[in-house]
Amino acid sequence: MSNKNGETRLWQKVKQGLTDCFLTRIESSTINGIPDIHVVMGNEVFWIEMKSDSLSYPKLNKWQIVWINKYVKAGGKVIILKENLGKTPLQSVLKLYRPVSLFTDPRSLVPFASFSFPLQWPTVQRRMLQELGSPPEPA
């Protein structure tokens, strides 16, 4: 399976799961490194970079690293949503990363949350808001 197919499947999961958000998928051939999804969730505006593979860290290319570093330095927020593929779908894990300072090696990033499949998307959504600094909406 290619990474693009994995990311396409992950996008379908995100689109169906993050229902309390305004999501815009960006496919840009003109801006190197721009993340995959622009998100408005509650009072938060941020970007999501999706990765889906069997690596233990988010494999970012040099343009993605530069874009994320510049955006975070300017005060923007980015979450890397990494699906670690298991041998079966139920062995997969979703990890969330939030770069908050400059980095050069994606292997140095540490996830702030990890979820097993099948995902409980409301929990994922609440955890993202907590990490970004907004209190979760009352249920």
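The values are calculated or read from the model by the stated rules, or taken from the named source; none is laboratory data. Please read all numbers here as calculations on a predicted model, not as lab measurements. Glycine also receives a Cβ, built like all others from the backbone with ideal geometry; neighbour counts cover every protein chain displayed. Surface accessibility is based on the protein's heavy atoms, side chains included, excluding ligands, DNA and RNA. Shrake-Rupley method; radii C 1.70, N 1.55, O 1.52, S 1.80 Å.
Take the conditions of a type outside the set (Val, Ile, Thr) and open to solvent by 60 Å² or more (accessible area, probe 1.4 Å) and apply them to residue 95. Does it pass? When the stated conditions are applied, residue 95 does not pass them.
Could you grab me the full set of residues in region 22-32 that are at pLDDT 95 or above and open to solvent by less than 70 Å² (accessible area, probe 1.4 Å)?
Selection gives 23, 24, 25.
The listed residues are 77, 87, 82, 70, and the only one of them that is loosely packed, with under 14 Cβ neighbours inside 10 Å, among the basic types (Lys, Arg) and at pLDDT 95 or above turns out to be 70. Within region 110-126, residues that are within 8 Å of residue 96 (Cβ to Cβ) and at pLDDT 95 or above sit with their Cβ atoms under 9 Å from residues that are part of a loop (DSSP other than H, G, I, E, B) and open to solvent by 40 Å² or more (accessible area, probe 1.4 Å), at 6+ positions apart or across chains, in these pairs: 111/98; 112/98.
Yes or no: residue 51 surrounded by 16 or more Cβ atoms within 10 Å (Cβ to Cβ), outside any loop (DSSP other than H, G, I, E, B), of a type in the set (Lys, Arg) and within 13 Å of the chain's Cα centre (by Cα)? So residue 51 fits the description; yes. Looking at (1) over 20 Å from residue 121 (Cβ atoms); (2) of a type outside the set (D, E, K, R); (3) at pLDDT 95 or above; (4) open to solvent by 30 Å² or more (accessible area, probe 1.4 Å), find the lone condition where residue 65 falls short. The number of the failed condition is (4).
Residues that are open to solvent by 20 Å² or more (accessible area, probe 1.4 Å), at pLDDT 95 or above and in a strand (DSSP E or B): does region 7-20 have at least one? Looking for residues that are open to solvent by 20 Å² or more (accessible area, probe 1.4 Å), at pLDDT 95 or above and in a strand (DSSP E or B), one finds none in region 7-20, hence no. When the criteria are applied in full, residue 44 meets the requirement of being acidic (Asp, Glu) and either within 19 Å of residue 123 (Cβ to Cβ) or open to solvent by less than 10 Å² (accessible area, probe 1.4 Å) (or both).
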